[in-house]
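See below for the structure under consideration.
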Amino acid sequence: MPNLDDLKKRIGSVKSTEKITKAMKMVAAAKLRRAQEAAESSRPYSDSMKDLIESISKGYKPSSTDRNLLTGDEKDQIHLLILFTSERGLCGGFNSIVTRTLRDKIENLIDQNKTVKIVCVGKKGYDILKRQYSEMITEVIDMRAVKSITYQDAKNISDKVVKMFFDGEFDKCSIFYNEFKSVISQIPTEQQVIPIEIISNESDQERKEDSFFEFEPGESEILDEILPLNFTVQVFKALLESAASEQGARMSAMDNASRNAGDMIDNLTLFYNRSRQAVITKELIEIISGAEAV
Amino acid sequence: MSDSFNFSVVTPEQTYLDGEASMVVVPGIEGDIGFLANHANIITSLRLGTIVVTSDKDTNSFNVEKGFVKFSENKLLVVAEGIVSE
């Protein structure tokens, strides 16, 4: 027979856990709205940037000797993978799913005898990877102090990476982040950023066939300037998407937790009442049989 | 009044401006460039400086950090890293 006091305590503790998860859900919902707005308001910029690069790179033939961000290098040996995760846990499968995508890629590259380098943005991804791939992780970028993501944060990261590229530390670069689709769905995304993958559809090309641009100063000078900027924009986008996804994932995880806690409380309360009744019945039987014996 | 054309300024954080203008002067890297309607297609980079927008009603100006300008199909697009507040 379980102790009634213990049961009571247990119900109390589940209740307070439920309160915490409910509060976390509410906080995540508020943060999600803000993160979503930030992600949306940055979209015109990244779209315009893409549009610009497409206009410039069309018909542009780089001299093959150059090491540039548009076409990269002929070399394909060292791959840099940038992983965007959160700084905090309690957000369901958010971090593990995107890390799994990254891990598949790493295994794939190792099978092809490529060298892999990893940059972790956010502590959680590093925590998952450090046991298995610690010798590949070249840098961990701490975002704990960052309350709301600014363009400058993205710039700090991209400046580092671009410098690494021109120092010849890697040949190709991909970023891994959770793309925000909705509160309940975040899609782990892999995107190659160096060299740039330009997705141009046919009709688009036809429409712009006759457009011809003057460049000032020159095509290559503008490209030299715009490509690092474009990389920054990609990083910025990944950061914002990842932040929005994190809050979305946390919100649904906490919603689940609150619901589970509610179920648990219901079950425990039922069990508590049954036990209480059993105790009363037992007492009654004892009294009655005691009275009969007299 | 002269013809107007579509004019927009975007920064990473926001769309700063989106509207019609009849003349825009931007600080191009090799010198200021003035745009009127039906300007030839051009892409250029910007230096830090002031953009002056003249529309039918009034004249506006603001400062931009480095960025890029694209004019095509009677649309002027300014992609700037930031707007410098006065």
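Every read-out reported here was derived from the displayed coordinates using simple, explicitly stated rules and does not represent laboratory data. These numbers were taken from a predicted model, which means no experiment stands behind them. Note: ideal-geometry Cβ built from the backbone for every residue, glycine included; neighbour counts use all protein chains shown.
Worth pointing out:
- The simple spin-label model puts a point 7 Å past each Cα toward its Cβ; for residue A:163 and residue B:30 those points are separated by 3.2 nm.
- Amide proton proximity set for residue A:143, modelled H, under 5 Å, gap of 5+: A:122, A:123
- Coarse-grained scattering of the range A:31-249 at q = 0.13, 0.15, 0.18 Å⁻¹, given as base-10 log I(q)/I(0) from a Debye sum over alpha-carbon atoms: -0.78, -1.02, -1.36
- Per-bin percent of Cα-Cα distances, the range A:209-294 [5 Å]: 3, 10, 7, 8, 7, 7, 7, 6, 6, 5, 5, 4, 4, 4, 4, 3, 3, 2, 2, 2, 2, 1, 0
- Quotient of the Cα radius of gyration of the range B:5-84 and 2.2 N^0.38 Å, N being its number of residues: 0.96.
- Here the calculated FRET efficiency for residue A:263 and residue A:292, from their Cβ-Cβ distance with R0 = 45 Å, stands at 0.55, rounded to the nearest 0.05.
- Neighbouring partner chain Cβ atoms per residue of B:7-16, average, 10 Å criterion: 6
- Each Lys and Arg contributes +1 and each Asp and Glu -1, all at the Cβ; summed about the Cα centre of the protein assembly as shown, the dipole is approximately 2420 debye.
- Across peptide A:38-48, the average count of Cβ atoms from other chains found within 10 Å of a residue's Cβ is 5.
- Lysines with Cα under 22 Å of residue B:57, excluding same-chain neighbours fewer than 8 positions away: B:75
- Contact order normalised by residue count of the range A:1-157, Cα under 8 Å, 6+ apart, percent: 18 percent
- The range B:5-84 - percent relative contact order, Cα under 8 Å, separation 6 or more: 32 percent
- Cα-derived Rg to Rh of the range A:92-164, Kirkwood definition: 0.99
- Here the spin labels are modelled as points 7 Å beyond Cα on the Cα-Cβ line, and at residue A:76 and residue A:212 they lie 3.5 nm apart.
- Shielding score for B:42-54, defined as the mean number of other chain Cβ atoms within 10 Å: 2
- Size of the protein assembly as shown: Rg and Dmax of its alpha carbons, in Å, are 29.3, 116.
- The protection proxy used here, the mean number of other Cβ atoms lying within 10 Å of each residue, ranks peptides A:184-193, A:48-57 as follows, highest first: A:48-57, A:184-193.
- Value of relative contact order over chain A, rounded to a whole percent, pairs C-alpha under 8 Å and six or more apart: 32 percent
- Screening chain A for DSSP H helices whose Cα atoms reach 30 Å or more along their own axis and whose mean Kyte hydropathy is at least -1.0 gives A:4-41, A:219-293.
- Extended-chain gain in nm, criterion 0.36 nm per residue less alpha-carbon gap, residue A:50 and residue A:37: 2.6 nm
- Mean residue ellipticity (222 nm) of chain A, computed from DSSP H runs ≥ 4 via -39,500 (n - 2.57), nearest 500: -21500 deg cm²/dmol
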